[in-house]
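Here the structure comes first, spelled out in structure tokens, and everything after it is commentary.
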Amino acid sequence: MSVSFQQVLNKIQSITSTIKEDQEKLNLRRQFAVKLWKKHADECDFLIRKVEAAKENDPLLRCAIPTDEHLDHFNLLPPVIASCTLIAADGSQVNPDRHSAILYSLVNIGLIVMKPGTGETSKIYTFSDLKHGEELYADSSLISADLVSLQRDLAERHKLLEVSNEYQGTILALTDGPLEVWGLRQGFSESYRRALETHIKVLDEMFKKEMVLAGVVDKPGANLVVRLLEIAEAQEDDLKNIKSYSLLRRVDDRWLFRTLPPGARSAVFGLQSSASTYYKGTHALHFFYLNTSADDHPNIVRVEIPAWVASDKEKLNMLHASLIEQCRIMGIKPYPYILHRAHEVAVVTYEDKVYVEQLLSHELLNAQVELGEISSKKSAKDLPGRSRP
Amino acid sequence: MDSIKIGYMLRSGITGFVAGCPVSQMSLPSLGALLSVPLADDYNIFGIIYDINIADDGLIKQLVTVDNISADVIRDNRERRIIPMEMSVVTVGWEKNGIVSHLLPPKPPLSLDIIQLCSDEDLIRFTDAGNFGYFRHILRNKDLPIGEIFAAHIQQARRAHMLNGNPAWWEKATRELITLLRDDYSTLMEVLSTLGDTETGE
């Protein structure tokens, strides 16, 4: 037993003694957030001006920007959609581990294509990219886990575009997580800048193909709309210190939008982020919240879309209806079926990883390349635990 | 008709093996069917299917809670997901250089060896060889639904022999079963009763 349960228990008891007070404080903030939501619902121009002012004091500001729909607007589930081809992509990776005997990285991308309503069998694609030796170095140092994640995100989007070229008609392309590529945010590194530029080129092609592109964020923890409400209330002095200004701390968007009727989407918002200078014009990032639940127990997801989808009601309705249709397939835990399947295809299991390492070490030994050694630390950690007699 | 590849070996022993195939192959193999595992050097192992299992997983359990599952989701699950149908097979003989033996094979097949559904020609060749010695491999497995397996197997073999102009095979096979089970009245009655049902069914 390595955890001091006595210390943990003491802490739990102290938490429970203040939890009620804590919860009451949060509830007051939540009620206030709802008031602000209604108060500023139709003040789009005013809110846009406030965001512009806030941006001047915090270039990394991350919040919602109103569009032509009121803040509290919602759209019920649109009628059955026209036929389309659904493509979902997901990725997983093995990061280089300096404690292992072999240094390598692996990015595995899984894609699945379905044509709902046709009864046709889905099509599966996998792309695996193994890197070894010089390929693992960016400038003078070993690539970080962040950089591998970035490579994975870019590969997902590249493959989505590549596979979409095989299909005709309307294509609805989905990824798991935000549409924006993430990683290496600190210092806005060169690698991140290059990744953003590559992503923009992929988006250019998707835009030309008029693809209905979306990223689905399940159980979102962001406070983008709540942050907008805070900015709306901020006075001039508050705007100067907008980074630390937090009127509605711990209130998140998921809570705010839990009142969406089953199957309904929220208003569409623009996304103000540090990457907004890259994602602009037809590629500007937008989002809406969607209640994917079929009953009165809300399940809110955030759906990120580019401006060319946000501004096209037909595309928006198709995306909305398709996502709900996909979520209904999964029953009581509504999540787009096709995204779950893409995850199943992409995931690199522990057994896969062991097999890749065996193949790699076998080939390296055949080529008379000396293998490294597992670090003593990893060896010790990998020792079998004590089993029950 | 040539043999049809239906799957690959998952695990094996001398007395039996388990083969895996995609669920979409469901229409091919059936209870009592004769399978073969072609190995190197003109060596073949034969077996009869005594059980077929289709596993579930978390996603399947979640999907069945929904009222209507669409056709494309069903096909995606059956044909694209890694949930093989497992066929349990009792080994009933082997063949080397065209000579069929109803003894157990000298060595088992290996993982991922190809499993084939025997053609009518192979079925006739195997069941006509010797004197029904392969029946005892099934009879030895008291936990199996012996009557059902024999009924299914004999029905399939009888049809092949009839088409080949040998209607007497069925009678010989039944007589042999009666002889083998003369000291086991309850099993004999079960087998005969199931065979009788097969007759009625036809």
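Name every residue in the range A:317-351 that is assigned to a helix (DSSP H, G or I), in contact (Cβ under 8 Å) with a residue 60 or more places away in the chain and within 14 Å of chain B (Cβ to nearest Cβ), in order of residue number.
Hits for the range A:317-351 are A:Ser322, A:Ile324, A:Glu325, A:Gln326, A:Ile338, A:Leu339, A:Arg341, A:Ala342, A:His343, A:Glu344, A:Val345, A:Ala346.
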request  = Just name the residue that is surrounded by the most Cβ atoms within 10 Å (Cβ to Cβ) out of those in the range A:257-270 that are touching a helix residue (DSSP H, G or I) at 6+ places or on another chain (Cβ under 7 Å) and not in a loop (DSSP other than H, G, I, E, B).
outcome  = A:Arg265
task = May I ask you to verify whether B:Val73 is hydrophobic (A, V, I, L, M, F, W, C), out of contact with any Lys or Arg (no Cβ under 6 Å at 6 or more places or on another chain), at the interface with chain A (Cβ under 9 Å from one of its Cβ atoms) and assigned to a helix (DSSP H, G or I)?
result = yes
query = Taking into account only those residues within the range A:127-157 that are of a type in the set (Asp, Glu) and touching a residue at least 60 places away in the same chain (Cβ under 8 Å), which is farthest from A:Leu179 (Cα to Cα)?
reply = A:Glu156
task = Looking only at the range B:140-172, count how many residues are over 21 Å from B:Ser36 (Cβ atoms) and part of a helix (DSSP H, G or I).
result = 9
inquiry  = For the list (1) within 18 Å of A:Leu172 (Cβ to Cβ); (2) surrounded by fewer than 20 Cβ atoms within 10 Å (Cβ to Cβ), I need the number of the one condition that A:Ala89 fails.
reply    = (2)
query = Hey, A:Asp295 hits all of (1) crowded, with 19+ Cβ neighbours inside 10 Å; (2) within 14 Å of another protein chain (Cβ to nearest Cβ); (3) touching a residue at least 12 places away in the same chain (Cβ under 8 Å); (4) more than 16 Å from A:Ile112 (Cα to Cα) but one; which does it fall short on?
reply = (1)
key: Test: residue in the range B:96-107 that is within 30 Å of B:Arg182 (Cβ to Cβ) and basic (Lys, Arg)   = no
request  = Hey, can you tell me all the residues within the range A:115-146 that are away from chain B (no Cβ under 14 Å), part of a loop (DSSP other than H, G, I, E, B) and buried (at least 17 other Cβ atoms within 10 Å of the Cβ)?
outcome  = A:Ile143
request  = Quick one: which residue in B:Leu63, B:Leu59, B:Leu34 is surrounded by 13 or more Cβ atoms within 10 Å (Cβ to Cβ), more than 8 Å from every other protein chain (Cβ to nearest Cβ), in contact (Cβ under 8 Å) with a residue 12 or more places away in the chain and on the phi < 0 side of the Ramachandran plot?
outcome  = B:Leu34
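Do we find that A:Leu154 is away from chain B (no Cβ under 14 Å) and over 17 Å from the mean Cα position of the chain (by Cα) in this structure?
Criteria not met by A:Leu154.
Would it be correct to say that B:Tyr8 is aromatic (Phe, Trp, Tyr) and under 23 Å from A:Ser122 (Cβ atoms)?
Details: aromatic (Phe, Trp, Tyr): yes; under 23 Å from A:Ser122 (Cβ atoms): yes.
Yes, satisfied.
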task = Please specify each residue of the range B:76-121 satisfying the condition of being under 30 Å from A:Ile87 (Cβ atoms), outside any helix (DSSP H, G or I) and either without any contact (Cβ under 8 Å) to a residue 40 or more places away in the chain or within 14 Å of chain A (Cβ to nearest Cβ) (or both).
result = B:Arg81, B:Ile82, B:Ile83
request  = For the range B:173-184, enumerate the residues that are surrounded by fewer than 18 Cβ atoms within 10 Å (Cβ to Cβ) and either outside any helix (DSSP H, G or I) or modelled with pLDDT under 90 (or both).
outcome  = B:Arg182, B:Asp183, B:Asp184
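The values are calculated or read from the model by the stated rules, or taken from the named source; none is laboratory data. Please read these numbers as outputs of a predicted model, since none were measured by experiment. In this analysis, Cβ positions are derived from the backbone assuming ideal geometry, glycine residues included, and neighbour counts consider all displayed protein chains.
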